[in-house]
Amino acid sequence: MIDVIVIGAGPAGLAGAIACASSGLKVIVIDEFIKPGGRLLGQLHQEPSGEWWNGIKESDRLHQEAIRKSVNIHCSVSVFNIEKDDDFWNVHTSIGTLTAPFVLLATGAAEYPIPLPGWTLPGVMSIGAAQVMTNVHRVQIGKKGIIIGANILTFAILNELQLADIHVDRIVLPEKSPLSGKAGEPEEVMKSLLSAAHLAPSPLLRMGSQFMKNNWLRKKGMKFFPKSGVKVNGTPLLLRKAALEIIGTEKVEGVRVADTDVNGTIIPGTETVNEADFVCIAGGLYPLAELAAVSGCPFQYIPELGGHVPHHSETMETPLTGLFVAGNITGIESGKIAMAQGTTAGYSIAKHAGKGGPAIDEHLTQAVQNVRLIRKQSAIQFNPDIERGRRKMSELWENLYEKPANLHPIQKLG
Ligand SMILES: Cc1cc2nc3c(=O)[nH]c(=O)nc-3n(C[C@H](O)[C@H](O)[C@H](O)COP(=O)(O)OP(=O)(O)OC[C@H]3O[C@@H](n4cnc5c(N)ncnc54)[C@H](O)[C@@H]3O)c2cc1C
């Protein structure tokens with residue numbers, strides 16, 4: 001008899017499984033990838049303290065600890081549906097249906113695509129695919145590349161490609177359109193990058209960050225943004241150039257770009273072609289929450305968390321009895337935070353299951369505090385307003401599910 005089914009063997013899922021198993025619950029973890037670790041497997045970056053974050057080592061550590069705690073891990077198995085049957089959840093997988101009273105959804109995040117002409121040519125990939133091919137499968141993705149889209153993930157992965165001796169020639173923006181959204185607006189991109197300027201390897205970006213926080217100065221800064229770009233780790237970041245088309249016959253041969261004004265509008269007559277043999281598209285991340293949707297879990301739209309996210313409490317409970325969430329499915333943040341949320345969800349499940357002994361409340365309180373602390377100290381912050389997003393979600397939860405006078409009709413479904 002299984003007590004808990006964890007879907008996703010990334011940092012959130014593995015940490016959740018460990019906390020459940022430490023509290024005496026029988027746990028099974030399912031993941032569709034060939035090995036556990038989730039997105040940790042691709043991560044390698046230096047923190048502002050100078051320490052290296054080695055995702056492969058972290059995932060190994062979590063995997064070994066899970067095994068020591070007798071967690072049963074099944075890789076290469078996909079979950080395509082979950083449904084509630086009285087007091088149990090049925091989890092439908094590619095190897096059959098599993099049943100348990102508790103489910104932890106830790107399915108992570110996915111990348112926004114930015115479609116543009118030529119994006120189906122061989123040699124075009126998402127920036128996350130470039131990370132996986134380089135750091136997980138050790139495949140050289142090309143010799144000279146162009147990244148379309150500038151966000152925090154772009155710079156983390158740019159650095160990883162450089163460490164693997166892969167040359168990224170330039171970073172340009174996508175053409176402004178309803179599909180590219182803010183990713184095609186130079187000023188918006190600049191604003192989001194400034195919140196991460198303390199991480200910038202370029203002293204120019206670091207020095208400029210205070211100056212650029214002022215609105216008026218930022219507009220001027222964009223106006224006079226150098227045509228040749230600002231170098232980030234040696235690679236020009238060209239915020240005033242937009243990609244119009246990826247060109248090539250059999251495979252990628254280059255990108256047709258044009259200059260833009262400060263608003264991202266194309267300046268006619270400025271088109272040029274930059275050669276490349278691979279192109280990475282970086283459109284940003286959103287929570288991968290389909291399984292929460294098919295389960296009937298209510299959602300909230302909170303842009304600061306990355307869009308539509310399953311409604312949940314700070315202890316990772318959803319309004320559906322027995323259904324818990326952790327990690328990027330609840331909002332886009334770093335691996336360390338996903339791990340801390342997983343631990344919180346694990347103790348929360350143990351408390352609901354009546355396990356973990358008298359110390360369980362203390363473990364849970366400490367786990368929640370740890371998430372807040374790690375968030376404050378976080379080196380990588382995908383959304384500068386993440387704390388506001390988290391507060392919004394907590395307030396919505398308190399208003400809908402915790403104040404008896406304010407009970408909502410969908411309270412305690414399931
Ligand atoms: C492309 C990409 C690159 C990233 N790079 C960084 C980075 O460099 N640094 C950083 O700090 N953060 C990075 N992140 C953020 C990253 O998501 C978090 O750091 C962290 O890995 C999130 O942990 P998680 O456990 O929530 O999800 P993940 O680590 O994504 O793990 C989720 C797991 O769920 C599995 N899964 C999903 N759906 C199913 C299903 N239906 N059935 C079975 N299994 C399923 C997946 O295979 C995956 O292994 C990146 C995210 C993405 C998407």
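Only one residue in 67, 34, 2 is in contact (Cβ under 8 Å) with a residue 60 or more places away in the chain and of a type in the set (A, V, I, L, M), so which one is that? Lay out the reasoning, then the answer.
Numbers: 67 fails: in contact (Cβ under 8 Å) with a residue 60 or more places away in the chain; 34 fails: in contact (Cβ under 8 Å) with a residue 60 or more places away in the chain.
Answer to the check: 2.
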Which numbered condition residue 291 fails, given (1) modelled with pLDDT under 95; (2) outside any strand (DSSP E or B); (3) not charged (D, E, K, R): (1)
Single unsatisfied condition, residue 78 versus (1) within 14 Å of the ligand (Cβ to nearest atom); (2) farther than 25 Å from residue 292 by Cβ; (3) out of contact with any helix residue (DSSP H, G or I) (no Cβ under 9 Å at 6 or more places or on another chain): (2)
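Have a look at 58, 83 and point out the one that is closer than 26 Å to residue 340 by Cβ, surrounded by 13 or more Cβ atoms within 10 Å (Cβ to Cβ) and touching a residue at least 60 places away in the same chain (Cβ under 8 Å). Full working, then the answer.
Details: 83 fails: closer than 26 Å to residue 340 by Cβ.
The unique qualifying residue is 58.
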Selection from the range 150-179 of residues that are within 12 Å of the ligand (Cβ to nearest atom) and in a loop (DSSP other than H, G, I, E, B): 151
Residue in the range 320-356 that is surrounded by the fewest Cβ atoms within 10 Å (Cβ to Cβ), counting only those that are without any contact (Cβ under 8 Å) to a residue 60 or more places away in the chain and over 17 Å from residue 394 (Cα atoms): 354
When residues of the range 7-36 are limited to those that are charged (D, E, K, R) and over 12 Å from residue 106 (Cβ atoms), the one nearest to the ligand (Cβ to nearest atom): 32
Looking only at the range 296-325, and only at residues there that are more than 18 Å from residue 371 (Cα to Cα) and of a type in the set (Ser, Thr, Tyr), the one that is farthest from the ligand (Cβ to nearest atom): 321
Scan of the range 326-349 for residues that are within 7 Å of the ligand (Cβ to nearest atom) and among the polar types (S, T, N, Q), ordered by number: 328, 334
Selection count where residues are in contact (Cβ under 8 Å) with a residue 24 or more places away in the chain, surrounded by fewer than 19 Cβ atoms within 10 Å (Cβ to Cβ) and of a type in the set (A, V, I, L, M), scope the range 93-118: 1
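Just give me the residues in the range 350-383 being within 12 Å of the ligand (Cβ to nearest atom) and over 15 Å from the mean Cα position of the chain (by Cα), in sequence order.
Our first condition is that a residue be within 12 Å of the ligand (Cβ to nearest atom); within the range 350-383, this holds for 374, 378-383.
Listed by number, the list holds a single entry, 374.
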Tally, over the range 315-362, of residues that are assigned to a loop (DSSP other than H, G, I, E, B) and within 24 Å of residue 303 (Cβ to Cβ): 9
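The values are calculated or read from the model by the stated rules, or taken from the named source; none is laboratory data. All figures in this text were calculated on a predicted structure; none of them were measured in a lab. Heads up, the Cβs are rebuilt from the backbone with ideal geometry, glycines too, and the neighbour counts pull from every protein chain shown.
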